[in-house]
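Novice: Encoded as C-alpha cells, here's the structure I'll be asking about.
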Amino acid sequence: TMYLYLFNLRVLVLFVLVALLPRISDAQEVAFGLGQTEFGAGGRDGAVVDVEYRHTPFLTRGKFSLALGAVASLSEHGDAFVGGGLWSRLSWPSGWFADLSLMPGLYQNGISDNDLGSVVEFRSLLAVGYAFDSTRSVSVGISHMSNADLASDNPGVDAYILRYHVKF
C-alpha cells in the first residue's frame, strides 16, 4: 500500500510538470533549480531538483511585486513535493532581486528516514539573484519545509538551491 501511495505521488509530480510545460509560454517566469537537502533529526541528505512557476504579478508597487506560483520538487531519494501559494519579489534597477515565497502542498518521503511527519507541508523560500537581461536570471536560495506543527513529529528539511530563471 505504501509503495502504491509513493508511486501515485511521483506520478502526480510528473503530471504537474507535464501540465505546466504547455503553459510555460503563458508564464511570467519559470525557475529551474538544482541543490542539496539538509534534513534534521537523522534524515538522509541528497540532491534535489525543482521547477517553480510564477504567474504574472497581481500586485506591483514600485520595486515590490506579488503573484501566485507553484512548485514541484524531487530528491534523489524519491522525496516529492508539489505545492502552490504566494511569491514576492523586490527588484532593483541594478538587476539584483530578492524572492520570498510560501507554498503549502503535499509531500511524500521516498525513504523512511526522510519522513517529515505529515503529508501536508509548508515550503518557504528566500533567494537572492541577478537578472542578466529581461528574460534570464540566476539566483541562490534556501528553502525550508515543515508541517508547522500540524503533526507531533516535525523535523523539517532545508534545501540550498542554485536556480536559473526564464521569463516568457
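Novice: Which condition number in (1) open to solvent by less than 70 Å² (accessible area, probe 1.4 Å); (2) within 15 Å of the chain's Cα centre (by Cα) is the one that Leu74 fails?
Specialist: Just one mismatch for Leu74, condition (1).
Novice: Please work out if Phe97 is at pLDDT 95 or above, open to solvent by less than 30 Å² (accessible area, probe 1.4 Å), under 14 Å from Thr37 (Cβ atoms) and not in a loop (DSSP other than H, G, I, E, B). Don't jump to the end; show me each part of the working.
Specialist: Values: at pLDDT 95 or above: yes; open to solvent by less than 30 Å² (accessible area, probe 1.4 Å): yes; under 14 Å from Thr37 (Cβ atoms): no; not in a loop (DSSP other than H, G, I, E, B): yes.
Judged against the criteria, Phe97 is not a match.
Novice: State the number of residues belonging to segment 61-71 that are in a strand (DSSP E or B) and open to solvent by 80 Å² or more (accessible area, probe 1.4 Å).
Specialist: Residues meeting the conditions: 2.
Novice: Tally up the residues in segment 113-128 that are out of contact with any Gly (no Cβ under 8 Å at 6 or more places or on another chain) and open to solvent by less than 40 Å² (accessible area, probe 1.4 Å), please.
Specialist: Matching residues across segment 113-128 total 2.
Novice: Now for a different question. Can you give me the number of residues within segment 159-168 that are of a type outside the set (A, V, I, L, M) and open to solvent by 60 Å² or more (accessible area, probe 1.4 Å)? Outline the logic, then answer.
Specialist: Start the filter on segment 159-168 by keeping residues that are of a type outside the set (A, V, I, L, M), which leaves 160, 163-165, 167-168.
Now drop any that are not open to solvent by 60 Å² or more (accessible area, probe 1.4 Å), which leaves 160, 164, 167-168.
Residues meeting the conditions: 4.
Novice: Okay, next question. For segment 18-25, indicate whether the set of residues that are open to solvent by 70 Å² or more (accessible area, probe 1.4 Å), farther than 21 Å from Arg163 by Cβ and either at pLDDT 95 or above or not acidic (Asp, Glu) (or both) is non-empty. First the steps, then the outcome.
Specialist: If we filter segment 18-25 for residues that are open to solvent by 70 Å² or more (accessible area, probe 1.4 Å), which is where we start, we get 18, 21-23, 25.
Those still in the list that are farther than 21 Å from Arg163 by Cβ too: 22.
Now drop any that are not either at pLDDT 95 or above or not acidic (Asp, Glu) (or both), which leaves 22.
Scanning segment 18-25 turns up at least one residue that is open to solvent by 70 Å² or more (accessible area, probe 1.4 Å), farther than 21 Å from Arg163 by Cβ and either at pLDDT 95 or above or not acidic (Asp, Glu) (or both).
Novice: Being in contact (Cβ under 8 Å) with a residue 40 or more places away in the chain and either out of contact with any Pro (no Cβ under 6 Å at 6 or more places or on another chain) or under 15 Å from Val30 (Cα atoms) (or both) narrows it down to one of Gly117, Gly141, Gly129, so name that one.
Specialist: Working: Gly117 fails: in contact (Cβ under 8 Å) with a residue 40 or more places away in the chain; Gly129 fails: in contact (Cβ under 8 Å) with a residue 40 or more places away in the chain.
Among Gly117, Gly141, Gly129, only Gly141 is in contact (Cβ under 8 Å) with a residue 40 or more places away in the chain and either out of contact with any Pro (no Cβ under 6 Å at 6 or more places or on another chain) or under 15 Å from Val30 (Cα atoms) (or both).
Novice: Further question: Can you list residue pairs whose Cβ atoms sit under 6 Å apart, with the first residue in segment 155-167 being assigned to a loop (DSSP other than H, G, I, E, B) and the second being open to solvent by 40 Å² or more (accessible area, probe 1.4 Å)? Count only pairs 6 or more apart in sequence or on different chains.
Specialist: From residues that are assigned to a loop (DSSP other than H, G, I, E, B), the pairs are Pro155/Ala41.
Novice: From the list Gly84, Gly105, Gly156, which residue is at pLDDT 95 or above and open to solvent by less than 20 Å² (accessible area, probe 1.4 Å)?
Specialist: Values: Gly84 fails: open to solvent by less than 20 Å² (accessible area, probe 1.4 Å); Gly156 fails: at pLDDT 95 or above.
Only one candidate qualifies: Gly105.
Novice: For segment 132-151, name all the residues that are open to solvent by 30 Å² or more (accessible area, probe 1.4 Å) and under 22 Å from Lys167 (Cα atoms). Give the steps one after another, and end with the answer.
Specialist: Kept after step one, since they are open to solvent by 30 Å² or more (accessible area, probe 1.4 Å), are these residues of segment 132-151: 132-136, 138, 140, 142, 144, 148-150.
Selection gives Phe132, Asp133, Ser134, Thr135, Arg136, Val138, Val140, Ile142.
Novice: In segment 69-88, which residues are out of contact with any Ser or Thr (no Cβ under 9 Å at 6 or more places or on another chain) and of a type in the set (A, V, I, L, M, F, W, C)?
Specialist: Ala70, Ala72, Leu74
The values are calculated or read from the model by the stated rules, or taken from the named source; none is laboratory data. Predicted, not measured: the structure shown is a model, and the values here were computed from it. Glycine gets a Cβ as well: all are built from the backbone with ideal geometry, and neighbour counts include every protein chain shown. Only protein heavy atoms, including side chains, enter the accessible area calculation; ligands, DNA and RNA are left aside. Shrake-Rupley method; radii C 1.70, N 1.55, O 1.52, S 1.80 Å.
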